[in-house]
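The values are calculated or read from the model by the stated rules, or taken from the named source; none is laboratory data. All of these numbers come straight from a predicted model, not from anything done at the bench. With ideal geometry, Cβ positions are generated from the backbone for all residues, glycine too; neighbour counts draw on all protein chains shown. Each accessible area value is taken on the protein alone, full model and side chains, heavy atoms only, with ligands, DNA and RNA left out. Shrake-Rupley method; radii C 1.70, N 1.55, O 1.52, S 1.80 Å.
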Amino acid sequence: MSANEFYTNSDGLNIRFGLEKGAAVKQGHLSTMGDEKQAVFTITGTALTTGDVPLETHPTVGIPDGAHIISATLYVTEAFTSGGSATLTIGLMNDDGDGTFSANDADGIDATIAKTAIDAIGDHVACDGALVGSAAAAIAGTSDRPVYVSAKYGTAAFTAGVADLVIKYRDQN
């Protein structure tokens, strides 16, 4: 193998050679405690569009079909700003299996979070979408593929802002 090649080991990790470094991930599963799992996703305001777009599409960062979302909390690490009254909507998308994604529940995590709720470092939002909490139904996806977290802005684009979305869920499979 040359110095800039890599291979994927049996755990699905890319093993690199030479001076090449792997990219730091911004999303992923942090911990597992019994049947409760936790995943973290980074939302960058300037990367959002008006359409639903998955934050990350690697199979290891998706939420399993049939899971129950216990809670979802958004923690602001860089204040969100906008030239208007921007809002943030967080939902889920299905992997259609052909390289495309379709809306599962476009605002199932939280709908139209106001810029004023996320405009300072340290702000946090307890998400209350239809897919979050003890009364929420199990995620209904495509059964053989995970669902992915999506985010978009409404009203106006964000000019700055970064937040970590922490989702706690139970995998019922």
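Points worth noting:
- Distance distribution P(r), region 46-104, all Cα-Cα pairs, bin width 10 angstrom from 0: 15, 46, 31, 8 percent.
- When all protein chains stay in place and ligands, DNA and RNA are ignored, the 1.4 Å accessible-area order of ARG170, ARG145, largest first, is ARG170, ARG145.
- Built from the Cα atoms of region 103-173, the convex hull projects on average onto 5.8 nm², one quarter of its surface area.
- Rounded to 0.05, the FRET efficiency of the ALA140 and THR46 pair, given R0 = 35 Å and the Cβ-Cβ distance, is 0.65.
- Counting only aspartates and glutamates at least 8 places from LYS37 when in the same chain, those with an alpha carbon closer than 17 Å to its own are ASP65, ASP164, ASP171.
- At the listed q of 0.15, 0.18, 0.20 Å⁻¹, the Debye profile of region 41-173, built from one uniform point per Cα, gives log10 I(q)/I(0) equal to -0.65, -0.92, -1.11.
- GLU36 sits with roughly 60 Å² accessible to a 1.4 Å probe, with DNA, RNA and ligands left out of the calculation.
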